[in-house]
Each structure stands twice: as C-alpha cells, then as structure tokens.
1. Filter the stretch D:134-146 down to residues that are part of a strand (DSSP E or B) and surrounded by fewer than 24 Cβ atoms within 10 Å (Cβ to Cβ), then give me how many there are.
2. Limited to the stretch C:239-269, what total is found for residues that are over 24 Å from residue C:62 (Cα atoms) and away from chain D (no Cβ under 14 Å)?
3. With the structure loaded, tell me whether residue D:151 is more than 15 Å from the chain's Cα centre (by Cα), part of a loop (DSSP other than H, G, I, E, B) and touching a residue at least 60 places away in the same chain (Cβ under 8 Å) or whether it fails that test.
4. Among the residues of the stretch C:147-161, are any away from chain A (no Cβ under 14 Å), in contact with a helix residue (DSSP H, G or I) (Cβ under 7 Å, 6 or more places away or on another chain) and surrounded by 15 or more Cβ atoms within 10 Å (Cβ to Cβ)?
5. If you go through the stretch B:105-114, how many residues are touching a residue at least 40 places away in the same chain (Cβ under 8 Å) and out of contact with any helix residue (DSSP H, G or I) (no Cβ under 8 Å at 6 or more places or on another chain)?
6. With the condition being closer than 27 Å to residue C:278 by Cβ, I'd like the strands (runs of 3 or more DSSP E) fully within the stretch D:218-290 carrying at least 3 qualifying residues.
7. I need the full set of residues from the stretch D:206-221 which are more than 8 Å from chain C (Cβ to nearest Cβ) and closer than 29 Å to residue B:216 by Cα, in order please.
8. Could you check residue B:236 against (1) more than 14 Å from chain A (Cβ to nearest Cβ); (2) surrounded by 16 or more Cβ atoms within 10 Å (Cβ to Cβ); (3) in contact (Cβ under 8 Å) with a residue 12 or more places away in the chain and say which number it fails?
C-alpha cells in the first residue's frame, strides 16, 4: 500500500556537524530536481547560511510542509519531534554517521532511499510523546522525563503515584519515566527493558534504588504518573529533565507525567525493521558458531 | 458499580496443605448459610474426602458454576486458570498463608471479605494466557512459557522471531516468554521488569545470555513468537515448560507462542490495588526516615 | 583467644537522635561502675550537654583512649572511622535502632554485650579506607569515593586508569570506587557485588553506563586508580564525593584513589558473623518451604 | 627482567578445527629451526596424524617439557590447564581466530611473537584453579564450578556455607562458583562482576535467584565453600559441572569447593595488558565523541 507523495518539504539540520553543509546541498539539489517545494528551518539557515533556500520558522514549517526532513541524528530528530508534535507533518531522519534508532535513512545512500519515499512508498508509524508538568510549566519529551538529584551527593526521597494510587516510596538517585521510544536511551542504561514502539505503555526505571527489590515497572500508556518529593529531600535538590534538555525545578515538589495528546508521524523506508535496528545498535551481531 | 450476585459456586482446593480441610469446611458452611449452590472439584473431593459436597469434574464445573473459588495459593489458582480458561466462569483465590499476587482473599478474613463479593460487590479484571505449540501439541500458560536447556551443562543456541521477523540469535540458558501476570514470577528472577496486568504485552527475558547487551524485550500482546533451535544445539537438549509444569520437547526444533484467544475473569475484593500487592510481596516497605 | 581489657574509653554520639541522651547516660553509668576512664567527644558534648563527662577533641581522644564507642548507626561510625584512621584506637558501634553493617552492638542489649568486650573478649577485624586526592586536596572514605555528574542532566565522559594502565573510556552518570566495606552501600544499589571485608580489593561500579557491556570490576587493594575527565565534559560538571559527604571539584580533571595507609580496628562481640548481618540487612530470611 | 629460555616444548592442538593442521605445521617448522625439542600430545597426534613429531601422553609431557603451547582457543587452554595443573610447566595459548581471554598469541602473528617468548622475554602470571569434591570424587575447574538444576523445570533449593558459616538458603536455578579467571565466562552472563586475575578471591553468582536481594558475593580465595542440597530438592535433580564439562551428581547432597593447591603458570607476550583484552572482548570500543 502506498501513500500520496510529499509536495512541500521542510529541512532541519544539526548544528555544528562538519559534514552537514554538503549533505544539505546535495539534498536541496535532489529535491529541486524532483520539483519539490523546499523550506529551510530558520535556525538552520542562520547557522549554515548561503544554502539558497527560503527560511521559515519551525511553527510555520509545521503548518506549510507535509514532510520534515531532519538531517543529523537521533538527538536532532528528538528535538524537532517535540517542536512539531502538535501538527500533522510527517518526520523523517537522515543520519550523518551511524544508523540511528529514529534517524534510519543513511546519508551515504539517501538519494536512492528518498526517491521512493517522496513518491509515497514508505512505512509510517505513530510514536507518542510524554507531557511533563511542573508547577504549571509544561514540557514535552520524546524519550524520557528524568527526575534526578541535583547539586547533592546523597539519595533523594520521593513517592510515585499512578492514576491516584500510591506505587511506592523510594530512596534513589532518581527515576526515569520513559516512552517506548526512550526505552533504548537512558532507560536502558538504568536497567530497563527494550519496549517495542507499538506498545501503548510507559516505563518507570528507578536509578540506583536503595531497596534492592525495586525494579523497572511498565504501566499503561494512559496512566497519569505523579512524583512527589518527600522525606528529607528539599525541592531544590531535585530536577525534572525532558529528553536531557529542559531542566525544571519542582518548586511545589510535584512532577506530573502523562501521554501527550498528539502523536508523531515517523516515516521510514519500506521494509523498516525495528529488530534490525536493535541488533545493529546493540551489537547483537553474534552468529551461530562452533564451540571453542 | 456492582455486578449480579454469584449463584453457583465451584470449590477447588490445594492438595497436601494441612489447613485446607478446615478452611473448606468453614467455606462450605458459610456458602450454605447464604443459600448458594456448591460443587466440589472431583480431584479435591478425592483427596479431601467427606466434605459432604457433590463432586464435579472441572469441565462440568466450568459450565455449571458462575464462580470458581480456589483455596490454596497462586500455584493452585494458576493451574485452575489454565483449565477454566475456555469458559466464562469467574475465578477468585483464597490464600492459606501469605498474600498471593493472584490469590488475594486472606483465609483468616475470608468470611467478611466474601460476603460482599458474592452479592456482586467486587472488582473484575481480565487476564490473558499464553498458548504454546510444540510439534502440534498445545499447552496453556498463565505465567510463562520457558525455553530452557535440558540435560546439558552448556548454553543452547536458538533464534527468536516475532511476527515473522528475525529478532536475534542467542546463546544462553534459555528464554522466558511471560504474560504480564508472569512478570512477577520467574521473569523477575531473570531480570525482567514488572508489567502492569492491564498491559496488552508479552515479555521476553533471556536467561544468562552470552551477549551482554541482550536485554529483556516487551512486544505487543498479539505478537506471534517463534523460537527456533539452531546451531550446535540438538532438540533433545531443549525443553519448553508451561507454568513450570507441562514439559514439552521440541522435536522439530520450533516452539510457537501466542496469546490464548480466551481471557480469564479474575475477581478481587472491592478496592483491589495491584501496587499494594507489589509493595507487600516485594518488601517495598521502606518508609521515609531520617538519615543515619 | 582473648585481648587485654580496654581501660580508657571515648564516647562519640550521633547528633539529633531523640534516644541518644538516654543511651549515653546508661552507658556512662555502666562504664563508671566498671571503673573505666571515660571521655566525651567535644562536639557530642556541645550538642548533648550535661552528661557530666569531660570533653575531648577527637584528635586527643584518638591518642588518649584505647577504645572509641560510637553510639548511633553506620553513618556515625563511618564518620568517626575517617577521623580516627591515623591512630591505633579500636572502634565499636552501638546501633540505636536497626542492626548496622558496622554498628552491630544493639542498644537494647548493650550492657550484656559490652561487659565481656571491655574485658577483652571480642573479635577484631581490620578494615581499610580509601584515600582520594583531587588537585592536591585529600579526603578519606570508608565506604566509597563517587565520581558523579554535577549540575547537569547529561552523561559525563571520563577515562579510568589502574596502575598507569588504561582501563576504559566511559560515558555514564559516574563511577563508584568502593572498599569492601562500601560494597553493601551505594555500590550495591549500582549493581555491584557483595565483597567480604577480608578481601584486599577495590570495587569499581559504573553508574548507568552508556555501553551495556560495561560492568563492575574488582581490582587489587593496592591499585592506584585514576579517573580523568575528558571528551565533552567540563571539570565543573563533575564532583568527587567521599562517603556521601566531602564534595570535591576536580579542577584539573583528575581524581586519584588509593588505599589509605592505615587501617581501622573494628571490634565486634565474640562470634561476629558477617553473613548473619548480610542475611539480616538484605532480607535473606526466606526459609525452605513447601511449594505452592 | 627476562627468564631462562624454553628448551623442551609440548604441543597441544584443538581437535576439529580446519585450520589447525597448517598452524601446527608452521609451528613445528619454526621450533625445529630454533633447535627446540618438540613433543606432540598423543590425543592431538591421533586426531591430526602425520605431523612427524613424537607423541607423548599429557602426563609425561608435563614432566618432560618446560612449556606447553596450546593451539586453539580459551576452551582448549582451559582443558589443558586442568590436566597440567599439578606440574610446573608453563602454558601459552595461540588463538586460531579471535583474541581469547587466555589464548592471547594470535596465530597470524605467532612467529614474530613467539621468538622473544621462547628466549625468555615474556610476562608470567599465576592463576589458580578450583577443586570440586562431590561424594569423594574430585574435579578441577579453571573457570567455574556450576551447581545447577538437572532434568527439572522448577527451582532448586540449597544452602551455601563458607568456612563452616551459613551464608544463605536459596531457591534459584543454581549457583556459579568462579575463579577470577572465570569471571569473564559464565559468571558474567549471570550478572557477576569482572575480577582482576591477580585477586585472591572466589566469586559466587546466584542464577535467577528467587529472592531479589540475593547478589553475587566475593569471598577470600582460601574459603572452603560448601553447597548443601536441601528442602524439596532431590539430589538427582542437581548437578555440579566443572568448566562446562565434568558433570557430577551430588548423591549425598553436598558439593565442596576450595582453591586447588597448585597454580597454573600462564605466560603472555611482554606488555600483556588484561584491560586491553577486556576492552577488546567486551566491545568497549566506544571512543570520546561529540554529542548527537
């Protein structure tokens, strides 16, 4: 089954990568040959000037274009996804180097791969973001919201509640609240499981918990999660961080996490295989062999 | 919201527990006072004779009764659930000793707790079972299907496929394929996460994998999972075990696991709290305290 | 085999515990009846005034007394041990509440237990401390030195060297360098093994390492360990913390850890059993039982 | 510092590897040119006939030669080490393919590497083996003794004692008792730490323990370890396996493990670096890089 072709394309580039200009130039030339309308995200235009494509704010791009091509890596795509999540625009990631979990179009082969995709030959999946609320401020996270100690050496103390029910009191370095997308990121380093992106679930991974029987826990995707700082921990000793960037201080001691109402349309080359990416990224390359 | 009362009740008892006779006697007396129809599972009748209740095969019980009361523990309930899973009968577990993950009506307080439940005041949840197929033979598992080495000391080699897609090749002691219900059982000892029973997901936990980056993975509940013995491993060096009991040899080297089409109706006292049971069973009793 | 009796005893009390005064009073009365010389650590005297015992600085106490009785818990003993480590004074811990890993004389039974110990009937063991050097400043740690990210949300990057040999480059939340004593503290939360206190070994436990095959590693007790901040990490994004307290900033990017030259003489009631304490503290209370 | 040259060399080859004959032929030619006395282990001679070197039983080789060259991999060396451990002969491993933890002379570069080693330019280390006693039978293990369930699906129950002291009762799939050498083998898959080979320590790693707080534990190298089958477990449901091979049934329910009195002399090319091998084998190849 194929989709309608993409007509208007927004380009977003990773800043600071030496190879990015050349890749964008080739991409622009290719898209022009195909007669596509092209826009350049204004911050990318400011950092990599002279590409000869009209700049557009990311908000306008989200309304005007039907596809955002993010050139960089998973981090760049993560950031763009949070900004574009209120709109229906599709997202596609071109990785400059190693295969990404999200950015799975290799730069070196992009012309061959993008041709069919632009004509509508692609796989599409929906990914959800997390919505984090701290003292009235909201942030979005594609991977994870992390509650962690700040400026102190000792453990923090907090309670976790899910849908109004008390889950546990915990002394630990913090807690990772992860979407399925984020299960291959920080949550994995913390000992969490891999979670297939199709699953409607949220993963909670304690960081160095004091109680040894405290384990990662998966709850439903529609859960309302509430973290309440308590015990001997002051709120200024804690931060909530969204995708490793937006750092919020929970002045009133409470962090609330739910699924964000809009999902992301992530598109991939036809035949996209999540397990292939897992094997590749995690080094599961071991083949059957004779015992030593 | 309340349910219609239960009218016809089947009793299933754990064999070999010294306190079981007395508990069944009290239960029978109580149910008679309430004017309920009562039947005794025939194997229970044979092992604990003289209770004065008409025996019935478990199959007939499943058709005749609207509630099965299982007196014993999680193991007894697990076993009964696999046998009753094709029918619409509700299941309720009375634990003789410690609180169970499934059997959550305490024997010592059962008269007070059961009164309202029999009148329709209860919480109900649906749990799914796994269906395991090995060489044409099928077995059901409420907790888990375990693929494990048999009669050998060294690792076994096998491939995992999900929905026809290759996941990985693995050298390990085996693989635990677990329902959310089973996530608190063997899968937890193997390093798997806790999975809320509402989730429609299947958990795969490698046992002592040779590749250190091999991790537990959660896939959708409707996944078709296939394990293929390969490499240097002979099929007689492998077994598939369902809930720790039905031991099958995969003569043709393939084990297939899917969700079983019918779900179990598990009922609990009103206000049932999964997290309370987790805290209680896992010793998450630590309260906020002053640092030492 | 028995030891010479203790003659001159220094008392050190945990500050801020409500039951401490009463315990100290009983202890002082008991020691006076036995005719022992008693001194009170001057900070304890300041916080809990009116105990009627002559105050002494901890340094003078270390020279004057042959036994320091620490009343509080493991934290109080940890702190005292670091201060007394240059001297030959014996240490004994009285716990006010729960059994400690180090403070294993229970307050409620202390009179019975201390009698024989003061006469020389006790078990003695030597524990070593770690010596941490950061930019010319030195701190001691009984449990652990922790290298950890500070004021940032993302991972830190550093190299580990042992005896001048490169071990690995690591992106993680940090690294726990632990003595055997510390193996039951933070290192255990981070996934490290238990290490018998008799072992002459240092344990390195990565905190949430980015590389999944990165594991805790045990090296010889005489190893010279060097951590070098590198890559994208600035030195002000890192701290080295000794026993959760002394927080040092590695301005020159290097933290050096070795065994401290003097050991601690920790004394216990006769028949002291490390495994009993492990079982008790870790909840290994499970007894053989019949299957469910 | 250099050692006396090796004069009489025994060759042991891995059976069943296609490249082994050619490697042995080159090695024999090289050793003849150097004028060394050469012997071929008799089993190797039987499997790879026609090499033109006089065969010798491994026992006689141990007495006659001052160096055993093991051509194969870690498994072949492991096996040879157990057989040669009573003698003072040095061991050296030539790996046919990937670098081994033990066999660290690469076949492709062996002529260059072996020249200086034969002249006495090498690094030497002592490794200890474990001695396993079951019902009067003794076996040696270089890596590990594994106590594991046999022919059953459920957990086994046993007690661990160290130096006559009760450590814990455990329900699990088994227990790995590992030397430092074995810490990179099965113990690592079971969640144990890496242990530097210089350490005089024995590592105990529970396999899928029922109690979540049960963790790997390191005890002194001179510990007398005793495993006692108990509870509901029959002795025929348990086996003790040494280095994955010698499978013993503990008829009387007891397995005893101590350090074997003689050590192995393992020799390496000058500049041998344990951490280099760890990095290489565990894929710790990640270099500092710019964040995505």
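1. So the count comes out to 4.
2. Number satisfying all stated conditions: 13.
3. Answer is yes for this residue.
4. The answer is no, given that none of the residues of the stretch C:147-161 is away from chain A (no Cβ under 14 Å), in contact with a helix residue (DSSP H, G or I) (Cβ under 7 Å, 6 or more places away or on another chain) and surrounded by 15 or more Cβ atoms within 10 Å (Cβ to Cβ).
5. 1
6. The qualifying strands (runs of 3 or more DSSP E) are D:225-229, D:238-242, D:254-269.
7. Listed by number, the residues that qualify are D:206, D:207, D:208, D:209, D:212.
8. With respect to (1) more than 14 Å from chain A (Cβ to nearest Cβ); (2) surrounded by 16 or more Cβ atoms within 10 Å (Cβ to Cβ); (3) in contact (Cβ under 8 Å) with a residue 12 or more places away in the chain, residue B:236 is out only on (2).
The values are calculated or read from the model by the stated rules, or taken from the named source; none is laboratory data. Since the structure is predicted, the reported quantities are computational estimates derived from the model, not experimental observations. Positions of Cβ are generated from backbone atoms using ideal geometry, with glycine treated the same way; all protein chains shown enter the neighbour counts.
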